[in-house]
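The values are calculated or read from the model by the stated rules, or taken from the named source; none is laboratory data. This one's a predicted model, so the numbers in the text were calculated from it and none came from an experiment. No Cβ is skipped: glycine too gets one built from the backbone with ideal geometry, and neighbour counts run over all protein chains shown. Remember, those area values only see protein heavy atoms, side chains included, never the ligands or the DNA or RNA. Shrake-Rupley method; radii C 1.70, N 1.55, O 1.52, S 1.80 Å.
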Amino acid sequence: MLRAVARCCCHWPPGAAAADEMLWQTELRPHAAGEFSMAAAQANLVMEDQAQVLASPADTLVGVYDGHGGPDASRFLRSRLFPHVQRAFDCCLLVSASSFLCLWSFLADSEFHVAGFAREQGGMSAEAIRSAFGAAEEEFHKQVRQEWTKRPRLAAVGSCCLLGAISGDTLYVANVGDSRAVLGRRVVGGGVAVAERLSTEHNAASEEVRRELAALNPDDAQIVVHARGSWRVKGIIQVSRSIGDFYLKKPEYSLDPLFRQVGALFH
């Protein structure tokens, strides 16, 4: 099914340059289950946020990547997440959520939240999506390690990652970070659309998230700190799960004198 996506598809935006512009949008375009439109607006000095749609006659993938600390993680996801989804599905990788536990040292465990709607029958699977998220995280970490000595700031770059996949009559939603997927439903007989939240945000503003972080890090009294008007992981960032942010996940980065030269900028 996803092989058809690779052979015959509509991929938007059409190129990296278009996705890095200050403001870009597309009007309604067709996909397997209807039509889509999308837009992005630059909020910082550099465009840190990315989004993409890959549509074929059978399947549709939607990715939204809310970057922070720089554009590298969101740009990486734009170019590499969808290939990992296809590869995970083609190889029929069955990866349980438990294999992601304790991957991160400071942030919450990286069990990716994947919700399936309607009935699951063949095609895409929650296991394939979990595997793709893990593979993307691993590949980006490899890139950070390779460029570490020349670009230590890469260890402090991260991105939220929100994925939607429509396969047959099933909609999958996977999320790390605090982006939100919303489904609009039209009220029967009322002609009014109501919004239904499909994903859960991983943000230290949530008391549940703070309890989870404290339970996962019982020896770290500073795992969540109220700083600059909001609750933050280590007093730095608000999201508790992400792709990247290795300076919070792996002590070898935060403890290295090379990173400390730039790390102070994030405190």
So is R3 in a helix (DSSP H, G or I) and either among the basic types (K, R) or at pLDDT 75 or above (or both) or not?
yes
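Looking at S96, S74, S110 in this structure, which one is modelled with pLDDT under 50, under 30 Å from I223 (Cα atoms) and either hydrophobic (A, V, I, L, M, F, W, C) or surrounded by 13 or more Cβ atoms within 10 Å (Cβ to Cβ) (or both)?
Values: S96 fails: either hydrophobic (A, V, I, L, M, F, W, C) or surrounded by 13 or more Cβ atoms within 10 Å (Cβ to Cβ) (or both); S74 fails: modelled with pLDDT under 50.
Of the residues listed, the single one that is modelled with pLDDT under 50, under 30 Å from I223 (Cα atoms) and either hydrophobic (A, V, I, L, M, F, W, C) or surrounded by 13 or more Cβ atoms within 10 Å (Cβ to Cβ) (or both) is S110.
Looking at the range 144-152, can you tell me whether even one residue there is over 21 Å from L81 (Cβ atoms) and either touching a His at 6+ places or on another chain (Cβ under 7 Å) or aliphatic (A, V, I, L, M) (or both)?
Filtering the range 144-152 for residues over 21 Å from L81 (Cβ atoms) gives 148-152.
So of that shortlist, the ones also either touching a His at 6+ places or on another chain (Cβ under 7 Å) or aliphatic (A, V, I, L, M) (or both) come out as none.
Looking for residues that are over 21 Å from L81 (Cβ atoms) and either touching a His at 6+ places or on another chain (Cβ under 7 Å) or aliphatic (A, V, I, L, M) (or both), one finds none in the range 144-152, hence no.
Return a yes/no flag: does the range 213-234 have any residue that is within 24 Å of R78 (Cβ to Cβ) and of a type in the set (S, T, N, Q). Before you say what the answer is, go through the steps one by one.
Within the range 213-234, the first condition is being within 24 Å of R78 (Cβ to Cβ), and the residues that meet it are none.
No - not one qualifying residue is present in the range 213-234.
Considering only the range 44-71, state which residues are part of a loop (DSSP other than H, G, I, E, B) and open to solvent by 40 Å² or more (accessible area, probe 1.4 Å).
Filtering the range 44-71 for residues part of a loop (DSSP other than H, G, I, E, B) gives 44-48, 56-58, 69-71.
Correct list: N44, L45, V46, P57, A58.
Listed here are the residues, each with its yes/no results for (1) among the hydrophobic types (A, V, I, L, M, F, W, C); (2) over 20 Å from the mean Cα position of the chain (by Cα).
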position: R197; (1), (2): no, no
position: H202; (1), (2): no, no
position: A214; (1), (2): yes, yes
position: N217; (1), (2): no, yes
position: G229; (1), (2): no, yes
